Amino acid sequence: MSGFPDYHQFPERDHGDESFWPSFTDIMMVITMVFLLVTVMAITNNWKLVTDLKTSIQAERLAAEQALDKEAQNNSLEDQMVMLQKRLVDASKVAVNKQVANEALQEELTRILGRVTKIEQELDATLKTVKDRERQLELSGQQVIALKTDRDKQLATLATRAQALTNLQGIQETSQQQVIRLQAALDEKQAALKAEQLALLKQQEAITGSDGKIAALEKVGDERSSKILELEKALERANAALLASQRDNDTQLTDLQGQLRQAQETLDTSRETQQLSEQQLDQLRAEVIALEQAKRDEGGALAVLRSKMSLLEELRAQDESKLQSLKGEFDTLDTKYQKLVRPARSSNGKHVVSVWFSKQSGREVYRIRDGAQGGFTATTRPGMANTLAALKEKHGKELYVKVIIPENSNLSYSDAWRFTTEMQRKYDYYYQDDE
């Protein structure tokens, strides 16, 4: 049932005297209805106001939290910047110390490389000297071989000449024997001749009367005397030839003995020279071995130093990487810090463009004004975006976007905040450094 009285239950109202004035019941009913309507409108409006108030309180709370977060972030960034500055200074000191150590090792490496180069030069010179000595030794060996060959030839010649001398001595002995035999035969002939002369003398004494026989015997004696003279001359010639041959053989033997002594002395000298060259070669080989050992030792030390250098280079690269990382973090934090502590947003010296946003009868209304003065021009949201994009392209970081939300905009706090943030983030100069 309705809470209002039904005036149709009073039939007398429709019958009887007609009254110009409405009844009290009608008046109260109208008043009640008006009161109810006003109450409903007030409740609805209050509900909307409460909703907007909650939204505003929520937005204020969010803004306060963001401000606190930014303040805490600012403090945290300052602390991080201080810490990073300290770490950067420490890393710079470590890098400088390692640079000094690296330079010292580089100098040591240069010195060792110089020593190695000097040793290599000495080794090359020694090897060259050894090669020269080996060539000299080879030449000396060839000379010794040639001398040995000459000596063998001379010995063969001496042997041949000694054999010839032996043959000559044999011939001389044979000639002497022949001379002795001839001397014996001559002596025999002389003895026989003397005997015959004695016999002839006896026969001459005995036969003095026979002249023909005496002449014959004289003739025979003369012939025998001439033969004896011839034999004596032949004997003298044989003795002279034997003496000359003996003198020649003695001279040749003396010459051969002198040549043999000279060849022996030359061979001894060559042997001594060869032994000296071999000793020098052994000494040079020992020096080469010592130099190679020194080179190997220096090479080992050089390898150790190079490994240390490689390790230091790796550590240096790691430190430089850490240093670059710290510098990057420092630059990032410095950028964030500069953004936090940079000057407040201002329109001084900037090109100002004003944008208007509101709602009328549930419809969104957009207006824009290019410049600090002049009237607003109605536009749409895409048209406003195109205009702002063109102005941003023209003025760049000199564009100042002024957002206007009127008091009777019929916008919620979140809608107004979203529109303001979007316009400033996209087009205002203050927020372009984030791009």
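Enumerate the pairs (first residue in the stretch 42-61 and farther than 18 Å from TRP417 by Cα; second residue anywhere and part of a helix (DSSP H, G or I)) with beta-carbon separation below 7 Å, excluding pairs fewer than 6 apart on the same chain, so at least 6 apart or on different chains.
Close Cβ pairs satisfying both conditions: none exist.
Any residue at all in the stretch 16-28 that is modelled with pLDDT of 85 or more, polar (S, T, N, Q) and more than 24 Å from LEU411 (Cα to Cα)?
yes
Identify, by number, the condition in (1) farther than 22 Å from GLN432 by Cα; (2) in the same structural domain as GLN85 (by TED's automatic domain parsing); (3) of a type outside the set (Val, Ile, Thr); (4) crowded, with 17+ Cβ neighbours inside 10 Å that LEU411 doesn't meet.
Among (1) farther than 22 Å from GLN432 by Cα; (2) in the same structural domain as GLN85 (by TED's automatic domain parsing); (3) of a type outside the set (Val, Ile, Thr); (4) crowded, with 17+ Cβ neighbours inside 10 Å, LEU411 violates only (2).
Which residue, of GLN66, GLN121, GLN106, GLN136, is out of contact with any helix residue (DSSP H, G or I) (no Cβ under 7 Å at 6 or more places or on another chain) and either aromatic (Phe, Trp, Tyr) or touching a residue at least 40 places away in the same chain (Cβ under 8 Å) (or both)?
Among GLN66, GLN121, GLN106, GLN136, only GLN106 is out of contact with any helix residue (DSSP H, G or I) (no Cβ under 7 Å at 6 or more places or on another chain) and either aromatic (Phe, Trp, Tyr) or touching a residue at least 40 places away in the same chain (Cβ under 8 Å) (or both).
Yes/no matrix, rows are residues, columns are (1) assigned to a strand (DSSP E or B); (2) touching a helix residue (DSSP H, G or I) at 6+ places or on another chain (Cβ under 9 Å); (3) closer than 30 Å to GLU60 by Cβ:
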| position | (1), (2), (3) |
| --- | --- |
| ALA317 | no, no, no |
| VAL353 | yes, yes, yes |
| SER358 | yes, no, yes |
| TYR366 | yes, yes, yes |
| GLY375 | no, no, no |
| LYS394 | no, no, no |
| LYS397 | no, yes, no |
| SER414 | no, yes, yes |
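The values are calculated or read from the model by the stated rules, or taken from the named source; none is laboratory data. Source: prediction; values computed, not measured. In this analysis, Cβ positions are derived from the backbone assuming ideal geometry, glycine residues included, and neighbour counts consider all displayed protein chains.
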